[in-house]
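What follows is one structure encoded as structure tokens, with my remarks underneath.
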Ligand code: 475
């Protein structure tokens, strides 16, 4: 039943509408009000944390008013909405973003100062919302910012994990994982205890025939878990549009306990039921580019997908339109295969609950969904045992079998002479045990499939999804190159650079149309401008140096070249290549006379990133980096010439400090393995140059900024397969400089050699799958080119300015507009005052 105020009383509501604070004075009033009433504190016990809480609540009040208006407008207009389904949203902090997007950071800064606080300290109180692993989750967060900033009617749907990605501590050079309990105080979510959905698991399916001879499937029994909605407002930049991110939290159905059991004295089992239900949304799986096939993970997926679809369908039904119009009103994007069950769930709703015919239902389903692939790594491709699916979701497995049957029938008709193709493309892999191939299900159930950079989108068409291109034709497959939001990754992270740019390109419009950066290019020839540009970079390096000193105790020279690699630790991303290169540099320095050394350029090699807790080799890499650091950083012969830093607990808010402070960053994956990469874009946008392989978006960055502004090295994707083949079947000689590095490690220079023997064996004995040796020489040579280029500071700064000027393409706004046009067919809806 709709609880709505009757018409005659609405006048009173209108008269009493709040408008939220405007200006510094009203802001201060709101802060004091929240401190004294909401928080029940006073001028005598208001610490920074309380000031953070009150400031956030003041901004939250602002956001929720815009949010209400946005939702009302979107409902009233009944226009097509986009739903972005992602198991990960790596949001980071919200306060700074809210202040900047609403456009009242200056008021807040002045107001807080009058109340006795520094705004940076207040911003620093906030705990990161770290509901993601890495690139995929951060991309989802950038997309939400762009969707709101471009006024698209869009909702994100995810899980409200009680624990986000673990916090990383480094103890004796090793990674230690600490739980990330972040919900202690979270002013950015609105619990909607009235928005709940019952989610069914297990049980049986009974089939019968109705009076018209139609088959009826009934899913009965099993258990019910309740999904509760928590809403997070997503403010657009310089627009009142405020979208919604809805996160589902699990709890036992029927409230806290099963009262029947409770009354019968079965306290323990009633509490156990409750805890089992809450386990579903308890923790984010900490694997990046890896699927481990755990039952709880599949439960998370269905729980989230079923709650979201129920919500979406409920909203559609309010408009009383015929089902045939569903995909005119609804576009659902699947962020990788994690939400693929949504395809099956919508088919189930239409078939079993709404009573539609299979083929009509299936047309609706396939015209609704789009699927984005983020990786070609075989270990990341999702597969679920048929037995597990049968047990957990018996009706869904039947529907999957039917989808597969109809699909294979069309394939058989189209390729009557090719028996093997049916085996290759079947959604069910006929292995022991049988597996459901989620990517194939996602392709069959969607109208568009996209990769995330040009090379990657080409690769999926020629490798893992080749047969599907034959079956559906090439038009079903497309590319949407990733992007990043310039609001967070330039304006918020690097305010001084953002202001300098604004002063030259005609104000802040470039934050909404990043191609306007091209107006900067002519200033590359302006010596005074270059000086200002350099001073900002230097100040950002000083800030990072302070952070390094405070967290590691190591003093680094801000005049040195800062060489940064921050991202999840993974063999394919090749942090091992980087640290072997650092050792090579160290050995070279050690072999020099003091006179020769004086001519060398000082460097700081900075690493950061988490290893999945179960990824042993990645943890070895972290250990080697720290071990090298502890030797090199304390070597008096080396001094400032080389420092090796591992920044613990790399996350979004650390990235906001690190990204603006790099001179050079490393994007050095084995060619063909990194789907896109997005930190490459962030670094260049902040005036850092990059060294990288011809992989992912590096290729398009090169095309945009020009070959002379990037340091490319290494083998090409097209040659990787052959090289791997020769490693395994030919004689495989290791690069001689790399061999010297290995021998030094084996001498014990960096601690117990045994600790690192597996990393060396991976190259020497186990086929060097990631081509570390093949690329080593080219990598070292290219670093020499970097040193030479850095010596000529004026030229280096020119490259930096020109690169930034040419980065307009990599805004997530461009990216979202491409999705909207090519895949979703949706249009912006401006929310006027
Ligand atoms: C790519 N995560 C980047 C980025 O498109 C790309 C997979 C399985 C289970 C859990 N997490 C994952 C990813 O696959 C992932 O983060 N992929 C990344 O997506 C955005 O820029 O190259 O590695």
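Before moving on, here are some points about what is shown:
- Taking the criterion of being within 25 Å of residue 132 (Cβ to Cβ) and either in a loop (DSSP other than H, G, I, E, B) or within 16 Å of the ligand (Cβ to nearest atom) (or both), the residues of segment 336-362 that qualify are 336, 337, 338, 339, 340, 341.
- A single entry from 290, 245, 296 fulfils the requirement of being under 25 Å from the mean Cα position of the chain (by Cα) and assigned to a helix (DSSP H, G or I): 296.
- Some residue of segment 725-736 being in contact (Cβ under 8 Å) with a residue 24 or more places away in the chain and either within 14 Å of the ligand (Cβ to nearest atom) or over 24 Å from residue 774 (Cβ atoms) (or both): no
- Evaluation of residue 785 against (1) surrounded by 13 or more Cβ atoms within 10 Å (Cβ to Cβ); (2) closer than 30 Å to residue 525 by Cα (one fails), failing number: (1)
- Criterion (within 16 Å of the ligand (Cβ to nearest atom) and out of contact with any strand residue (DSSP E or B) (no Cβ under 7 Å at 6 or more places or on another chain)) met by exactly one of 701, 745: 701
- Hits in segment 213-222 (condition: out of contact with any helix residue (DSSP H, G or I) (no Cβ under 8 Å at 6 or more places or on another chain) and at pLDDT 95 or above): 220, 221, 222
- Residue that is nearest to the ligand (Cβ to nearest atom), among those in segment 447-464 that are touching a residue at least 60 places away in the same chain (Cβ under 8 Å) and over 22 Å from the mean Cα position of the chain (by Cα): 464
- Inter-residue pairs, beta-carbon under 8 Å, first farther than 24 Å from residue 138 by Cα and away from the ligand (no atom under 16 Å from the Cβ) and in segment 273-291, second modelled with pLDDT of 95 or more and assigned to a helix (DSSP H, G or I), 6+ apart: 279/296
- Beta carbons closer than 6 Å, at least 6 apart along the sequence or on distinct chains, pair a first residue in segment 476-492 that is more than 21 Å from residue 675 (Cβ to Cβ) and modelled with pLDDT of 95 or more with a second that is away from the ligand (no atom under 16 Å from the Cβ) and not in a helix (DSSP H, G or I) for 487/237.
- Yes/no for residue 685 being away from the ligand (no atom under 16 Å from the Cβ), in contact with a helix residue (DSSP H, G or I) (Cβ under 9 Å, 6 or more places away or on another chain), closer than 19 Å to residue 807 by Cα and in contact (Cβ under 8 Å) with a residue 24 or more places away in the chain: no
- Restricting attention to segment 562-584 and to residues that are more than 28 Å from the chain's Cα centre (by Cα) and surrounded by 21 or more Cβ atoms within 10 Å (Cβ to Cβ), the residue that is nearest to residue 768 (Cα to Cα) turns out to be 580.
- Scanning segment 303-311 for any residue that is within 16 Å of the ligand (Cβ to nearest atom), in contact (Cβ under 8 Å) with a residue 24 or more places away in the chain, assigned to a helix (DSSP H, G or I) and under 27 Å from residue 135 (Cα atoms) turns up at least one such residue.
- Residues of segment 136-168 satisfying the condition of being in a helix (DSSP H, G or I) and either surrounded by fewer than 24 Cβ atoms within 10 Å (Cβ to Cβ) or within 13 Å of the ligand (Cβ to nearest atom) (or both): 136, 137, 138, 139, 140, 141, 142, 143
- Some residue of segment 739-756 being more than 30 Å from residue 663 (Cβ to Cβ), under 31 Å from the mean Cα position of the chain (by Cα) and surrounded by fewer than 16 Cβ atoms within 10 Å (Cβ to Cβ): no
- Against the list (1) outside any helix (DSSP H, G or I); (2) more than 30 Å from the chain's Cα centre (by Cα); (3) crowded, with 19+ Cβ neighbours inside 10 Å, the condition residue 770 fails is (2).
- Test: residue 77 is touching a residue at least 60 places away in the same chain (Cβ under 8 Å), within 25 Å of residue 140 (Cβ to Cβ) and surrounded by fewer than 24 Cβ atoms within 10 Å (Cβ to Cβ): no
- Residue count for segment 363-395 under the criterion of being within 28 Å of the chain's Cα centre (by Cα), more than 16 Å from the ligand (Cβ to nearest atom), buried (at least 19 other Cβ atoms within 10 Å of the Cβ) and outside any strand (DSSP E or B): the result is 3.
- Conditions (1) in a loop (DSSP other than H, G, I, E, B); (2) under 30 Å from residue 149 (Cβ atoms); (3) out of contact with any helix residue (DSSP H, G or I) (no Cβ under 6 Å at 6 or more places or on another chain): number failed by residue 195: (1)
- Filter result for residue 206 (assigned to a loop (DSSP other than H, G, I, E, B) and touching a strand residue (DSSP E or B) at 6+ places or on another chain (Cβ under 9 Å)): no
Conditions tested, residue by residue: (1) at pLDDT 95 or above; (2) in contact with a helix residue (DSSP H, G or I) (Cβ under 8 Å, 6 or more places away or on another chain).
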position	(1), (2)
276	no, no
279	yes, yes
300	yes, no
309	yes, yes
312	yes, no
316	yes, yes
320	yes, no
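- For segment 494-525, the set of residues classified as outside any helix (DSSP H, G or I), under 24 Å from residue 817 (Cα atoms) and touching a residue at least 12 places away in the same chain (Cβ under 8 Å) consists of 506, 512, 513, listed by residue number.
The values are calculated or read from the model by the stated rules, or taken from the named source; none is laboratory data. Everything numeric here is computed off the predicted structure, so don't read it as measured data. All Cβ positions, glycine included, derive from the backbone under ideal geometry; neighbour counts span all protein chains shown.
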